[in-house]
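Written below as structure tokens is the structure these notes are about.
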């Protein structure tokens, strides 16, 4: 079994062991994998294995998550253990760990093309999935609007790692804003 298949198995076991998927990570990673193949085809000079492995390990720190620790930090720790346990090449481990740690573009920024792709596709996949609508539906009574629009802004910002693709997604971004504004006006009470 390839290391990528092992990482998929590891990810799915994490969700299964948690006995729930409140963040919708199973669908999120399937969508990210589609985006990974899209970006690998568009940028064939990247290390495909690093990108695909990082897809399956970047959110591995989510379940269970203590409130005082960022999932990217915990994910980096778990990814290191997973990769070392599989005797993965040390230089490649560092590349994957950078992708995992930098995917949120917060305290660590992506420096490699592979890490920029992971940050990009993490955000792009939110725009081609139902994440934004799910946030609003889940939190309709608590007015999720500010939270969802702030998330969309961060996601669109992170698309700037590849401005030529970001431009292509502008229409989708604008459409999500219109859809969510219209959805917020519906009173289900």
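The values are calculated or read from the model by the stated rules, or taken from the named source; none is laboratory data. Source: prediction; values computed, not measured. Here Cβ is always computed from backbone atoms with ideal geometry, including for glycine, and neighbour counts include all displayed protein chains.
Out of 107, 45, 85, one residue alone is surrounded by fewer than 18 Cβ atoms within 10 Å (Cβ to Cβ) and more than 23 Å from residue 162 (Cβ to Cβ). It is 85. If you check residue 6 against the conditions, is it over 14 Å from the mean Cα position of the chain (by Cα), modelled with pLDDT of 95 or more and not in a loop (DSSP other than H, G, I, E, B)? Yes, satisfied. Whether a residue is part of a helix (DSSP H, G or I) and closer than 22 Å to residue 61 by Cα was assessed, and residue 167 does not pass this test. Residues in segment 59-77 that are assigned to a helix (DSSP H, G or I), under 16 Å from the mean Cα position of the chain (by Cα) and under 18 Å from residue 6 (Cα atoms): 75, 76. Of everything in segment 10-20 that is under 15 Å from residue 85 (Cβ atoms) and surrounded by 12 or more Cβ atoms within 10 Å (Cβ to Cβ), the residue that is nearest to the chain's Cα centre (by Cα) is 11. Scanning segment 9-46 for residues that are outside any helix (DSSP H, G or I) and in contact with a helix residue (DSSP H, G or I) (Cβ under 6 Å, 6 or more places away or on another chain), we see that the one that is modelled with the highest pLDDT is 46. Given the criteria surrounded by fewer than 19 Cβ atoms within 10 Å (Cβ to Cβ), modelled with pLDDT of 80 or more, part of a helix (DSSP H, G or I) and touching a helix residue (DSSP H, G or I) at 6+ places or on another chain (Cβ under 7 Å), does residue 175 qualify? Here the answer is no, as residue 175 does not meet what is asked.
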